[in-house]
Every structure is written in structure tokens, then in C-alpha cells.
Amino acid sequence: MMSQQQFAADLKGSQSSVRESKLVGELTNTVLSCGAAVLGWIVVTGSGAAIPLTGGTSSAITYLAVAASTASSVQCINGAYRSGNEIFDQDQNDFVDSQQWYQDISTVLDVVSIAGAGAAAATTVKTIKLLHLSSGKSYAAILGNLSRAERKRLTQEIIRMNQPGISNSLIKKLVKTGIILHVTLD
């Protein structure tokens, strides 16, 4: 039979393993949120740079990516704060977790972050398919380097997708004036 002291020691031990488990969970969530934030800001930079190339149509993706990246960044900061609390002040996390406003905000941030990641993934898939169709190369080859001629053809096809009926001379004029950046510029 177990004494009261042994029982109390076992109970404390099980409580600390629950706290260790929560700490691991908080650290995992923090790493995932911070990773998503970094990737999101990379997408923002890429889609922002593509705005002139796509005639402004990628600006919607850029706005969505900014929202998702901001949400992930807020989650990253929150995760770092919660991880610190799990080490130094567990009661603070327990209190905040019991608040409805906190649960609602966390859910909204999760939804915005996931929606942005989904939009970025869809855009990436669309771009890779466009590259596949325009170059005739396999998907593996597409992920390698494109030749100058292939980049030029891709640029023209993207412009034509966004501005149906645009003439070759107008594309050349827009590229020459710098209104549309040509991917063939090294």
C-alpha cells in the first residue's frame, strides 16, 4: 500500500509531466507559427514582385498573403510568450485559455493563416501548371532553371492570360517602358 507522501509525490510527478507535455506543445506551435510567418513573408515578397508582371492581378494574392503572414506572425509572438509562461508562470496560460475572447481570436488567426497558406499553395500549383503547359517540360524539369527564351515565353503567356487580346507590339512597348517587368532581365 502507498503512503500519503508517496501518493503526493506521484501526483506532483504526474502534474509536472502534464506541464512538460504542454511546454512541448507550446514550443511546437511556436515553431510552426514562426515557420509559417517566414514562409508567408517570402510569398508576400514574391507575389508583390509579380504585380507588374501580371498586370496587377497578383495583388489580390499579395493582400491575402499579407493577412496570412501577419496572422502567423501574431501567432508566433503569442507562441513565444506562451512558451515562456509555460516555464515561468503556467497560471497565466491557464487563465488566458479560459477566456472566450482569447479562444475566438486564436480561431480567427488560425483561419486567416490557413486560408493564406491555401491561396499561396493554389497560386504555386497554378504557376507550375502554367510553366508545364508553356514549356512542355516535366514538372521536375520546371523546378530547375528556365532558359532565357522560356522565361520570355512564360512572361508573354502570363501577360496574355491577364490581358486577353493584347498585341505583341503592346507587350514589347510595356516591357521597354518598364511598366511590365520582363523575367528575362538578369
If the cut-off is a Cα-Cα distance under 23 Å, which lysines reach K126, setting aside same-chain residues fewer than 8 apart in sequence? K137, K152
Taking only protein heavy atoms and a 1.4 Å probe, the highest-to-lowest accessible-area order of S73, S167, S83 is S167, S73, S83
May I ask you to rank K152, K126 by accessible area, largest first, using a 1.4 Å probe over the protein chains only? K126, K152
Once ligands and nucleic acids are excluded and a 1.4 Å probe is used, how much of V43 is accessible, expressed in Å² to the nearest 10? 50 Å²
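The values are calculated or read from the model by the stated rules, or taken from the named source; none is laboratory data. Being a predicted model, the structure only gives us computed values, none of them experimental. Ligands, DNA and RNA are stripped out before the accessible areas are found, and what is left, the full protein with its side chains, is counted by its heavy atoms. Shrake-Rupley method; radii C 1.70, N 1.55, O 1.52, S 1.80 Å.
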